[in-house]
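Here's the structure we're looking at; comments come further down.
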Amino acid sequence: MLLDNNPRIKNIMVAKIVKVFYPQIIVKTESGQYLPVNVSNAELADSLFWETVQDIWRAQLWVPIGRRFHQLLADDWLLPQHDALLAN
């Protein structure tokens with residue numbers, strides 16, 4: 001299910017990656033605000049994560065960022081399936 005019709009969308013903002021330099025990622029929000037992305041220890045050590053972030057940056061894609069903690073969202077623009085929601 002897409003997040004468009006879900007109240008959880010209020011906790012997510014849209015951003016474009018504008019700079020990638022280990023160990024930092026800088027994004028620009030729709031409102032023009034520049035923010036650093038908080039990267040976890042696991043992401044810091046993951047070379048595939050950094051390659052993927054650079055690919056997203058080169059493609060100039062917009063990504064979902066958590067509004068409160070400024071982290072990239074692993075589930076992208078989708079909510080878990082209904083069964084997974086019931087399990088939590």
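The values are calculated or read from the model by the stated rules, or taken from the named source; none is laboratory data. As the structure is a computational prediction, the values presented were derived from the model and not from experiment. All Cβ positions, even for glycine, are placed from backbone atoms using ideal geometry, and neighbour counts span all protein chains on display. Quick note on the areas: whole protein, heavy atoms, side chains included, nothing else; ligands and nucleic acids left out. Shrake-Rupley method; radii C 1.70, N 1.55, O 1.52, S 1.80 Å.
Applying 1/(1 + (r/R0)^6) with R0 = 41 Å to the Cβ-Cβ distance of Leu44 and Lys10 gives a FRET efficiency near 0.90. If you plug the beta carbon distance of Thr52 and Gln24 into 1/(1 + (r/R0)^6) with R0 = 22 Å, you get a FRET efficiency near 0.90.
Under a point spin-label approximation (7 Å from Cα along Cα-to-Cβ), what is the Ser31-Arg67 distance to one decimal in nm? Result: 0.9 nm between the two label points. Taking the accessible area of region 11-68, probe 1.4 Å, and keeping the other protein chains in place, the carbon and sulfur fraction comes to 51%.
Protein chains only, probe 1.4 Å: how do Val27, Val20 rank by accessible area, largest first?
Reading off the accessible areas and sorting them downward yields Val20, Val27.
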